Amino acid sequence: MPRKPTRRRRSLIARPLTFAPFSRSLAHLHSTFMPKHQMLGSKVPGSPTHNEGGAVVKKTSKEKIEQSESSEEEEFGGEVQADFAFFDPKPEDFHGVKILLQSYLDNTEWDLSGFVDLILEQTTVGTVVKIEDDEDNGLFSVVSALNLGRYKDHKCIADLKEYLLKLCLEKSIKGDLRVLLGEQAPNVGLLVSRRVVNLPPQLLPPLYDALFDEISWATEDEPTEELRNSFCFNSYVLVSKMYKHKNADKKNRLSSDSEEAIIYVNPEDEIFHKLSLWSFNFPFHAEQVTARELKNYRPMGLVMAVEADKISTFREQLRSLIDEP
């Protein structure tokens, strides 16, 4: 049986979160979260714990947050506070996960419901983030890693592979992509990560730590050799989004020195991008740009291949980015 963590907490000194100039993300453009008090759970072997509602909490990251909005965007006064908790995926999370993944493959028609089912059925590796004791059971984030070889016969994975190969127009990369999705698929993890845009960034390090710890544990603790081997990833494929400046491909043609060539929807995507073996992007049609700050940008899909031996570096750099004073 896979190990389950006991709840162990440590207090961290609250301080404002800022991003380095090279790491300008969409979440940072929309809102700034100032942690008043933060309780981060370390994931260690032990017995599962339960919250008051009786649900098993496999790992917990609690955080009191204060949301600061501009006056024109503010719908009510005062502070917004929430206790976020990490949970195993469950069947009742279907609609929440499906909403988060609605535009995962842009506006193409594919077996999204089957894809959500795979994520929810894999409970030993994967996390959903909710507000603890929330009667509405709202879902704010999902993260998982699916073996592309193990699930190759599922329609949703076949649809995804076909979609990616169709959109990759760079010949050199397309050959590598075809190999990764084909003969190397049994050792390739599809890293799925989606969340609401204003989820507190302070949750990201423990969220990714939990995912990669679970993958490591699954290689030892799954009940069969076949299942254990299915989590021995050599590389990961990520499908994400970004905003690319309309003049990004023209040297010295950005309209302002303050404008970045790329704005990442998720701050961690810049780290993955820099560590990636290769990447490609493509026009993204499911979303129209309406934010004033993004008037000179186009939404783009971003596909990256990251070697598994880069993950420790990713985890370190993510912690440094989020903890940066």
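Each row is one residue, and each column tells you yes or no for (1) aliphatic (A, V, I, L, M); (2) under 17 Å from Ile119 (Cβ atoms); (3) open to solvent by 10 Å² or more (accessible area, probe 1.4 Å).
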site	(1), (2), (3)
Pro200	no, no, no
Asp213	no, no, yes
Leu227	yes, yes, yes
Val237	yes, yes, no
Say we look at the stretch 175-198 and pick out the residues that are in contact with a strand residue (DSSP E or B) (Cβ under 7 Å, 6 or more places away or on another chain) and charged (D, E, K, R); which of these is surrounded by the fewest Cβ atoms within 10 Å (Cβ to Cβ)?
-> Asp176
Do we have Val265 as in contact (Cβ under 8 Å) with a residue 12 or more places away in the chain, in contact with a Cys (Cβ under 8 Å, 6 or more places away or on another chain) and within 14 Å of Ser193 (Cβ to Cβ) here?
-> no
Picking from Val196, Val192, which residue would you name as being of a type in the set (Val, Ile, Thr), in contact (Cβ under 8 Å) with a residue 12 or more places away in the chain and within 19 Å of Ile215 (Cβ to Cβ)?
-> Val192
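Taking only the stretch 276-312 into account, find how many residues are in a helix (DSSP H, G or I) and surrounded by 13 or more Cβ atoms within 10 Å (Cβ to Cβ). Steps first, answer last, please.
Taking the stretch 276-312 and keeping what is in a helix (DSSP H, G or I), we get 292-294, 308-312.
Within this subset, residues satisfying the condition of being surrounded by 13 or more Cβ atoms within 10 Å (Cβ to Cβ) are 293-294, 308, 310-311.
The number of residues fulfilling the criteria is 5.
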Among residues of the stretch 109-138 being open to solvent by 50 Å² or more (accessible area, probe 1.4 Å) and at pLDDT 95 or above, the residue farthest from the chain's Cα centre (by Cα) is Glu109
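Taking into account only those residues within the stretch 127-174 that are of a type in the set (D, E, K, R) and touching a residue at least 60 places away in the same chain (Cβ under 8 Å), which is farthest from Leu105 (Cα to Cα)?
Only one residue fits best here, namely Asp133.
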When you look at Ser258, is it at pLDDT 90 or above, loosely packed, with under 15 Cβ neighbours inside 10 Å and over 30 Å from Ala185 (Cβ atoms), yes or no?
-> no
Out of the residues in the stretch 139-174 that are of a type in the set (A, V, I, L, M), more than 22 Å from Ser230 (Cβ to Cβ) and touching a helix residue (DSSP H, G or I) at 6+ places or on another chain (Cβ under 8 Å), state the one that is surrounded by the most Cβ atoms within 10 Å (Cβ to Cβ).
-> Leu139
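The values are calculated or read from the model by the stated rules, or taken from the named source; none is laboratory data. Note that the coordinates shown come from a computational prediction; the quantities given were computed from them, not determined experimentally. Counting neighbours? That spans all protein chains shown, and the Cβs are built from the backbone with ideal geometry, glycine included. Surface areas here come from the heavy atoms of the whole protein model, side chains and all, with no ligands, DNA or RNA. Shrake-Rupley method; radii C 1.70, N 1.55, O 1.52, S 1.80 Å.
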